[in-house]
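Some notes on the structure that comes next.
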Amino acid sequence: MDSKQINVGIVGGSLNNQWASQTHIPALKANLIYQIKAIGTSNMESAMKSAMEFNAIPFADYSKLVESKDVDLVVVSVKVPFHYEIAKSAISKGKHINCEWPLGRNTQEAIELAKLADKKGIHHAVGLQGRQSPEISYLKKALERNEIGKILSCTMEVSTQVKGRITDQRSAYLLKEENGANLLTIHGGHALDVLCHTLGDFKELSAIMNTNYKEAIIRETGERIVKDTADQILVQGTLGDNISTSIHIQAGVSPKFHLEIRGEKGVFRLTQSNSSGHVQFGNLRLEKISHPDYSGLGDDKEGASIEEVMLPLEKDTSPKEYIEKAYNIFAKDILENKRKIPNFNDAVKLHRLLDNVRESAKSGRKIIITDKE
C-alpha cells in the first residue's frame, strides 16, 4: 500500500445500490487519499457498468475482489446476512475493512469477526456514523462541561413508518429475525449507540418487546408474508452516572427521533427535522432549555428560556457528510496506525446490549450489565 493512498474495493458498489451510491462513493471521492479501484456487485453486467464510472475493476465474485492486490480496504455495503462471509474473507486476506452496521446477523458472528480482525492486525470500522454528527459531538462536550448541571434523566423516542404492517419487496427481508436487520438492530441500534456514546453505558435495563403484526403486506404485489420481528420496543434502565432513562422504539407510525436529557439546570433537546426515524441520517436540531431558578426555592415566574444551538459551517443535512467524516478519521487510523473510528469491538458491545434487551423482554427480568460483557 502506498504510504499516502488507500485503494478501495466496494462490495455492493453498484450505482443501483442507493446507500452506497449516495453515501460511501461520494464520501470516498471527496478524500483524495482514497482511490476506488474495484467494484463488486451480484452480476458482472452491473459491476462493469458501475466500475466504468470510476475506471475501476469490476467483480461479480466478492472473493476475487478481496484477493486483488489492487485493494487495500474493503467496504462491505450489502445486506446484513452477507456481512459475515464477506468480512471474514477480507480479513483472511489481510485487508482493512469498513462494514455497515449491524456487523453480523447475531452477536456470535460479530465476536468472531472482531477477534479475527484484531488477531490479523488490520484496521476495521463499523458504520455507526451517528457519532460524527456535529450536534451530537457538541451535546456530548456540553454535558461534560456540566452546562445543565448533574444529569438526572433522559427519554428517547424513535419511530418509523416501515417495519410494521406494510413493506416493499426490497425491504421484506427486514421483517425476519434470522436476517439480523430489523427495528431493534437498525433503528434501535443506531439510536442506542448515540445515547450510550453521549451519556455512558447501561448499568441495568428492563425491556418489553411486542409484535402487533404477525404478517406484513408487500406494497407492490399485495402478498402477505410472515413477520416475526417486534414492532414495539420499550427499554427502561440506568445509564452512566445513575441517569434514569426511558426509551420507546416503534414501527408502523409517523417517523420521529426525539431525545431529551434533563439536568439540574436545564434540558437539552435533540430532534430530527422531517424525520426518517434514523438518527444517523442527520438533519438534527439541538435546543437548550435553561431554567431561571433551578434550586426549587424560587417562583420561576419568568419561565424557562429556549434557544437553538447553532453550529455554523457544520450544519449537516444528510448522512453523506457523517460518512465522509468517518472516512477522514479512518484514513488517519490506517496511515498513522491509530484507533479512533468505531470498530468491530464497538459493534460487539452494541450487539451484546441488544441481546440484553431481548433477554429482558423474553424473561421478564431486569438485566444487570457487568463490565465483563
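The values are calculated or read from the model by the stated rules, or taken from the named source; none is laboratory data. Bear in mind that the values here come from a model prediction, so they are computed numbers and not experimental data. Here Cβ is always computed from backbone atoms with ideal geometry, including for glycine, and neighbour counts include all displayed protein chains.
From the list Val78, Val74, exactly one residue is within 25 Å of Asp231 (Cα to Cα) and of a type in the set (A, V, I, L, M). Which is it? Of Val78, Val74, the one residue that is within 25 Å of Asp231 (Cα to Cα) and of a type in the set (A, V, I, L, M) is Val78. When Gly277, Gly296, Gly303 are checked against the criterion of being modelled with pLDDT under 65, of a type in the set (Gly, Ala, Ser) and not in a strand (DSSP E or B), Gly296 stands alone in meeting it. Scanning region 238-274 for residues that are touching a residue at least 24 places away in the same chain (Cβ under 8 Å) and of a type in the set (Gly, Ala, Ser), we see that the one that is farthest from Asn212 (Cα to Cα) is Gly266.
Scanning region 73-90 for residues that are assigned to a loop (DSSP other than H, G, I, E, B), touching a Lys or Arg at 6+ places or on another chain (Cβ under 9 Å) and on the phi < 0 side of the Ramachandran plot turns up nothing.
Looking only at region 225-278, which residues are over 25 Å from Ile369 (Cα atoms) and among the aliphatic types (A, V, I, L, M)? Please lay out each step first, then the result.
Initial filter on region 225-278 (over 25 Å from Ile369 (Cα atoms)): 225-228, 251-258, 264-278.
Within region 225-278, Ile225, Val226, Ala251, Val253, Val267, Leu270 qualify.
Applying the set (1) out of contact with any helix residue (DSSP H, G or I) (no Cβ under 8 Å at 6 or more places or on another chain); (2) at pLDDT below 95; (3) surrounded by fewer than 24 Cβ atoms within 10 Å (Cβ to Cβ) to Asn16 leaves exactly one unmet item: (1). If I filter region 94-105 for residues that are surrounded by fewer than 24 Cβ atoms within 10 Å (Cβ to Cβ), in a helix (DSSP H, G or I) and more than 14 Å from the chain's Cα centre (by Cα), do I get at least one hit? So far as region 94-105 goes, no, none of its residues is surrounded by fewer than 24 Cβ atoms within 10 Å (Cβ to Cβ), in a helix (DSSP H, G or I) and more than 14 Å from the chain's Cα centre (by Cα). No other residue among Ile122, Ile136, Ile151 is touching a helix residue (DSSP H, G or I) at 6+ places or on another chain (Cβ under 7 Å), free of Cβ contacts under 8 Å to residues at least 60 places away in the same chain and buried (at least 17 other Cβ atoms within 10 Å of the Cβ) apart from Ile122. Would you mind listing the strands (runs of 3 or more DSSP E) fully within region 130-242 where at least 3 residues are in the same structural domain as Gly277 (by TED's automatic domain parsing) and more than 18 Å from Arg269 (Cβ to Cβ)? Passing ranges, in order: 202-210, 215-218, 224-226, 232-239.
Would you please name the residue that is surrounded by the most Cβ atoms within 10 Å (Cβ to Cβ), looking only at residues in region 331-348 that are part of a helix (DSSP H, G or I) and either free of Cβ contacts under 8 Å to residues at least 12 places away in the same chain or of a type in the set (Val, Ile, Thr) (or both)? Can you show your working first?
First pass over region 331-348, keeping only residues part of a helix (DSSP H, G or I): 331-336, 344-348.
Applying the additional criterion that residues be either free of Cβ contacts under 8 Å to residues at least 12 places away in the same chain or of a type in the set (Val, Ile, Thr) (or both) yields 332, 334, 336, 348.
Details: Lys332: 13, Ile334: 19, Glu336: 8, Val348: 22.
Step by step, filter region 331-348, then rank; the result is Val348.
Taking the residues in region 223-275 that are of a type in the set (Lys, Arg) and in contact with a Gly (Cβ under 9 Å, 6 or more places away or on another chain) as candidates, determine which candidate is farthest from Glu307 (Cα to Cα).
Lys227
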